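Working notes, beginning with the structure itself.
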Amino acid sequence: MMKRSLILALSLAVISGALFAGGGQSSSAASSGAKASAEFVVGNGTEIQSIDPSQIEGVPEARVNMALFEGLATYNPKTNKAEPGVAESWTISADGSVLTFKIRPNLVWSDGTPINAQTFVDSWLYHLNPTTGSEYAYMPGMVIKGADLYNTQGGKPSDVAIRAVNPTTFEVTLVGNVPYAIDMMAHYAFNPLPVHVIQKYGADWIKKENFVSNGPFVLQEWIPNDHLTVIPNDKYWNKANVHLSKITFLPIEDTNTAYQAYKNGEIDWSTNIPLAIIDQLKLEKDYHVQTQLGSYFYYINMSHPILKDVRIRKALSMSFDRQELIDRVIKGGQVPAFALAPPIGDYKPATGTGYDLAAAKRLLAEAGYPDGRGLPTFQIIYNTLDAHKVIAEYLQQVWKNNLGVNVTLQNLEWATFLDERKTSRMELGRAGWIADYADAQNFLDLIVTGGGNNDGHYSNPQYDALIRRASAMPGGTARDQILHQAEEIAITQDQVVIPIYYYVSQNIINLDKWDGWYTNPQDSHPWVGIKRK
C-alpha cells in the first residue's frame, strides 16, 4: 500500500509540472498537442503484476495496458464493442470462419520499428508458445483453428491458422462461425508484442530503458509499489485524439486512503470504494454506479480430499443468503448470483443452488459430517480490499453458525494472491470476472480443462465438449442452449464454484471536469479521447 506522504509528494509533483508547463516537457507530449494541465492520476487499486501483455490477468493491469498497447481492434468507450484499432477495417467470410484484417499503413512501434501483418503472426505465436506461459493463451486457443493444438497439445506453430497475406493483410481462420470473435480481438490476449525487443532482452524487455509499445502512451517511469507514469506516444497513429499529457497510476489498496486522496484533489479517478461510507457516496454526484457484466465468486479446489465431495461444495453454497450479504454488508446494489455467467442478451444462466439451509445441513450429514463434526478447518484466501475482507468474514461467520464449518482467512497482496490461487494449496479462493466481450462463453471458458484461469482445476469431458461445440456455432438460440446445458453441468450439478453476486461498477470521478470517460457494461475505459472540459 502506498503511504499517504508518497501520494501527496507525487501530487505536488504533478501540480508543479502544471505550473511550469514549458520546461522539461517530453517531446512526445508536446508533439501530441496535449496540454500540461491535462495530467490524470488514477487510484489503480493495487500494484500491477507486469506490463508484459502476455503475463497479466487483472483489471488494474488492463487499465495500464490500454494506455501502452493497441490491438487490431480497440474498445468503444461507450459500448465496449470492438472498433478499428491497428486494423482500419476487416471482413468476415460468408460462412463466418475467416477474418481478414486490413492493417493501417506505415505503423511503427515507439522505437520506429514497422508494424505489419507479420507482427501479428509473430506476436500471437509468442502468446501461444507453451514456454511463454501466457495467462490468456486459452482465449485464442478457443477460437483460432490450430491454436489450442499448438498451445496445449504439442502441436507446431504452423498448425495455427493465421497468416500474413501481405504486409497490410492479416488472415485468421477460426474454428467455426464465432459470433464474438471481433470483440475478442480488442482484448490484450491478442495484442501485438515487440518480439524484436523480446528476442534481444528476454524478460528484461519491460525495463524502462528497453520498453517498446504501440499504444497511445509510452512508459515514462515505473517504480513498483509507488507509481507508474505514461506520456503520449508521438508515433501513435491516432495521436491527434490523445489529449492527456500524462497518466499516473497509483497502487492504493486501502479504500479509505484512496477516497481521501480523491477528496483532497490528489487523484482524478478512484476505482475502490470504502464500504463504511457507501450510503453517503450514493448521494454524491461524482459516484457512478452501473450494472456490470461481471461475476463475483469463490473458486473451490476440486482436487482437495474433502472439497472434492460435491455434497460439501453444495452445502457451502446453499447455506448463506446472498441478498442478506448484499443488503447488510456490501450495500452496492449488486444482484445475487447462483450461476457463473450473468444474463447476457438472451442467454439464461444455470439454475444453480439457492439459499436452503435445511438442504445444506442434510447434504453435510450425508457426506459424513453432521453439524460439521469431523470436518477440517478450511482456508479462504483473498487479496487486499475492504469488500473482499468483509465478504470472507461474513461467510466465515455464517458457515460456522449455520453448518458448524470452521474457516480461517488469509489476506494476500495481489501478485502473491494470484500465484497462490493457482496452486494445489488453495482451498477456497475469492475470484471475480468482468466480461472481456459480451458473451456468456467468456465466463464459461474459465473452467474448461487446463484453462489458464481454471484455478479450481475442474475437469469434466462432457462440459468441455459442449463448450467446444458452442465455440464453433453461430450466435442464436441453439448456441445459447448448448452453453446453458454446459453451465447446468458445471454449476447446478458439479458446483465447481460458489457464485455470490453479479457486479455493479463503482467509480468516483468528476465528469464535470473530464470528458470522454463513460460508464459502460464492462467498466472498461480507453484512454484515447479522455480530456479536460
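Readers should treat all values here as calculations from the given coordinates under stated rules, not as data from a laboratory. On a predicted model such as this, the values are computed, not experimentally measured, just so you know. Quick reminder, even Gly has a Cβ in these numbers, built from the backbone with ideal geometry, and neighbours come from all protein chains shown.
Segment Val310..Lys208, full-extension length gain: 31.9 nm, with 0.36 nm per residue of separation and the alpha-carbon distance subtracted. Within the stretch 291-505, antiparallel bridges make up roughly 65 percent of the DSSP beta bridges whose residues both belong there.
Sorted on the mean count of surrounding Cβ atoms within 10 Å across their residues, most packed first, peptides 369-375, 439-445 read 439-445, 369-375.
Net length available on complete extension from Val329 to Ala415 is 28.3 nm, with 0.36 nm assigned per residue and the Cα-Cα distance removed.
Distance cut-off 30 Å, Cα to Cα: go down the list Lys208/Lys239; Lys200/Lys531; Lys207/Lys422; Lys208/Lys285 and report the pairs above it. From the list (Lys208/Lys239; Lys200/Lys531; Lys207/Lys422; Lys208/Lys285), the Cα-Cα distance tops 30 Å for Lys200/Lys531; Lys208/Lys285. Packing, as the average of other Cβ atoms within 10 Å across residues, places the peptides 268-277, 103-112 in the order 268-277, 103-112, highest first. Selection among Leu68, Gly141, Gln55 by position relative to the dipole of the chain gives Leu68 as farthest towards the positive end (Cβ unit charges, Cα centre). Exposure proxy ranking for Glu427, Glu171, based on other Cβ atoms within 10 angstrom of each Cβ and starting from the fewest, stands as Glu171, Glu427.
Listed options for Kirkwood radius over Cα pairs in Å are (i) 27.2; (ii) 25.9; (iii) 24.2. The value calculated from this structure is the one marked (iii).
Cross-link partners of Lys102 among aspartates and glutamates, defined as those whose alpha carbon lies under 12 angstrom from its own and excluding same-chain residues fewer than eight positions apart: Glu88, Glu171. Summing charges over neighbours of Ala470, with a neighbour being any other residue whose Cβ is under 15 Å away from its Cβ, gives -4 when K and R count +1 and D and E count -1.
Residue exposure proxy: Val212, Val242, ordered by other Cβ atoms within 10 angstrom of their Cβ from fewest to most, comes out as Val212, Val242. Within a straight-line Cα-Cα reach of under 18 Å, Lys156 can be paired with the following lysines, leaving aside sequence neighbours fewer than 8 residues apart in one chain: Lys145. When peptides 362-368, 183-189 are sorted by average Cβ neighbour count within 10 Å, with the highest value leading, the order is 183-189, 362-368. As a proxy for reagent exposure, Ile326, Ile509 were ordered by neighbouring Cβ count within 10 angstrom, fewest first; the result is Ile326, Ile509.
Of all aspartates and glutamates in the structure, the ones whose alpha carbon falls short of 16 Å from that of Lys81, not counting any fewer than 8 places away in one chain, are Glu70, Asp183, Asp436, Asp439, Asp523. You can think of it this way: the chain between Thr169 and Asp321 has 49.4 nm of extra reach, that is 0.36 nm per residue less the Cα-Cα gap. Neighbours of Val86 by Cβ distance under 9 Å: Lys/Arg scored +1, Asp/Glu scored -1, total -1. Contact order for the stretch 291-505, expressed relative to its length and based on alpha carbon pairs under 8 Å spaced 6+ residues apart, stands at 37 percent.
Estimated purely from DSSP H runs of n ≥ 4, each contributing -39500 (n - 2.57), the mean residue ellipticity at 222 nm for the chain is -8000 deg cm²/dmol once divided by its residues.
Antiparallel beta bridges, as assigned by DSSP with both residues in the chain, represent about 75 percent of the total such bridges.
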